[in-house]
């Protein structure tokens, strides 16, 4: 096989399975082959082409592919031209230009035989283009046809690509049957063996398939152009062989003169690369080819560290055995790295060389204690025979038993107790093993320890703090356990906190009831004078306020003179303010704490709270509350008393406008409406809403809306065009459908519909949660993702909208946004994915979210009650040039 062919096949193989390694190889080898396809400089241009694919520079990729198609067309090679036109179509699909892709595919299909590989590949791109155009029926049919043909021919790569199209189509239609069909095909690919005669592994073999290593080794060596005149190519090929774990290629390249100490562009040696990747055969090939620890620049020690860190136990042990006198300190440090990955072979290799493990490193970690901290029972057992006694300590006084209790490892705790570990040891923070388990929230571990021995003094601050922390986390099981061993349920800890206030602050109502049943004073306060009732008001916990109303004093002040209603106002809890008013707790506008809370609400822009409290205020009241000009008020800088009064009037007028359907978005942020309404919009496209595929409404659904329009109380309902209605299924609300009603000026308003029941999808979440209470849906990963995306496409909090985004074009960019802004966002974006079930039984999903002008990676927790919570946020980018604001009504841009 000549260099151009080897180069082409290697590029295809690597691009399909590992584009990052493909790019590294192209850049390192520096292939330049002239007169390829008939014109000069083609080798370098082809390398640029492959790099563009891996880096997703689709405009360049399409341009190059078109050049290749024209070049081979002039040579009369129709099949090759069709292949390159398919590459053009692929690039156009990747850049979301399906109409152009279809034109290229049709030409390619016309030029080649229907049974050819090029024809099948073009059909996949046609199916992908139809999917992008939301032509789901054709996309599904094309994908299934290619899938069936590829299955018959055992063409695994095309089968994989076609199945991916079918899967995406099923997801777009929320059809779990289609998704399952595609997943079954993908699973069949993974099991495929016994390839038929005529199979061309140069194009289609995958990692794990028969002959992959040998074939890719052959391609790699041929493409490297092995020669003594070009040693850098041999070294670059050896680096790539180590990356891919190709033992055959390593042995051949070593014999041809490749340096066994070759390094990649980051300075990693081939031994380091193979060890970190876990390629044991590649490591063995390097050692068999003559690489020794004493070799200059072998990277032996970094390879050991890399293998240990990646959990490649066999490789790490093999390399450690090859070292002479590495030193106790280094070996102990390696042993500490090993504890997190059950590296028993590595640990055994270390123990054969180390004289003593009974010492700590610079961070104060002891190997035996750290193994217990990691809950690694096999390693704890292995190291036990190498420590002087079971209660060895780290500098902070932590023993293995305290460390194991802290992480809740019952097996390690049981083993240590059997070996005589002392249960009454105390670390430097007065923490016993029992308290360590309780503070970590590990009930079973704490119970196991309590059965053995009492934890000692129960009225220490550490014990009181444990009760407070358990109450704050809503852990009734831990509170009960602490009570069972005599821990006090009342009184302040060293921080000035009390269990009952902590429970009220966290809305931990089960703990609160338990404490009240245990005769804890419902009015007990913390060091700030905050009682449980005041804490519940400050955090807006309505159920907790209802619970405490009959057992606690509700007309009470904290040490700063704040009342329950002033705390609710100060923190912007509108519902809590209304509930407290229903308890006949009046907001006395002459009360300094109320006045201070209202000024805080104005500064924070909690305008609905202001309206609730100030709706009956007199001019004298307004002057007393806002005597001076205010800075940094959300409704506009420098707002004086009259402006605040106008604000109240404006919001009263806004309430009068609630019987109108929203009919336009603000065109600029300088418009007054923009203060109340973000260009939310933009995170929904013409063809979908919250990623739900939209279809033209049937006559039946249109008739439902015509009848509804006649009876609707919205004063401007006649301005909306029922004939252009579009709809989508809602898999998480069985029986209900989403419907978008378009206004004549080009925006649409979302509704949900069930038979004759038509409801406006408002930006608050109560209507959606009410519907969830009335329906039952399976909490499968796909349904949970659809529910999450829809929820955050509709619901907008008082502080603004959270929008899940996975494509750059979904952000509402300002005209000033440049390509650099889009590029820094693009590298972070990820599709919302299902992570799994958390320890509390809730489902976890994770994706990227836009909030105001910042991008976050965040988790969404969804419980059995379908309540959603955003958590574990990680800031990715901020100060993005996007439109931002607040919203009370949702509009969809057309």
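Every number here is computed from the coordinates shown, using simple stated rules; none is lab data. Keep in mind that this is a model prediction, so the values were computed, not measured. Here the Cβ is made from the backbone with ideal geometry for all residues, glycine too, and neighbour counts use every protein chain on show.
Key figures
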| read-out | value |
| --- | --- |
| Extended-chain gain in nm, criterion 0.36 nm per residue less alpha-carbon gap, residue 325 and residue 875 | 193.4 nm |
| Cα shape, segment 226-323, gyration tensor, a/c 1.5 rule | prolate |
| Gyration tensor (alpha-carbon) shape descriptor, segment 372-443, a/c threshold 1.5 | oblate |
| Order by protection proxy (mean Cβ within 10 Å, highest first), peptides 809-817, 531-539 | 531-539, 809-817 |
| Mean Cβ count within 10 Å, highest first, over the residues of peptides 549-555, 303-309, 86-92 | 86-92, 303-309, 549-555 |
| Ascending count of other beta-carbon atoms within 10 Å, so fewest first, for 767, 334 | 767, 334 |
| Tensor-based shape of segment 445-546 (alpha-carbon gyration tensor, a/c under 1.5 rounded, otherwise prolate or oblate) | prolate |
| Cα centroid of segment 245-279 to Cα centroid of segment 813-885, whole Å | 39 Å |
| Difference of contour (0.36 nm per residue) and Cα-Cα distance, residue 510 to residue 352 | 51.5 nm |
| Label-reachable residues, segment 849-878, where backbone N falls under 18 Å from a point 7 Å from residue 824's Cα toward its Cβ | 849-857, 874-878 |
| Cut-off 12 Å (backbone N to label point 7 Å along Cα→Cβ of residue 518), residues of segment 477-496 | 477-491 |
| Segment 475-515 - Debye-derived log10 I(q)/I(0), Cα point model, q = 0.15, 0.19, 0.24 Å⁻¹ | -0.32, -0.52, -0.82 |
| Kirkwood hydrodynamic radius of segment 532-627, Cα pairs, Å | 13.1 Å |
| Proxy reagent accessibility, fewest Cβ within 10 Å first, across 743, 828 | 828, 743 |
| Cβ-derived FRET efficiency at R0 35 Å, residue 700 paired with residue 808, nearest 0.05 | 0.35 |
| Estimated distance in nm for a label pair at residue 133 and residue 59, the labels positioned 7 Å out from Cα along Cα-to-Cβ | 2.5 nm |
| Stokes-Einstein D in µm²/s, Kirkwood radius over Cα pairs - segment 728-792 at 20 °C with 1.002 mPa s viscosity | 170 µm²/s |
| Net lengthening on full extension, residue 770/residue 263 (0.36 nm per residue, minus Cα-Cα) | 176.4 nm |
| Theoretical FRET efficiency, 1/(1+(r/R0)^6), r = Cβ-Cβ of residue 422 and residue 528, R0 45 Å, to 0.05 | 0.70 |
| Alpha carbon centroid spacing (whole Å) that separates segment 700-772 from segment 303-372 | 64 Å |
| Compactness relative to 2.2 N^0.38 Å, alpha carbon Rg of segment 687-845 | 1.17 |
| Euclidean distance between Cα centres, segment 70-134 to segment 418-488, Å | 68 Å |
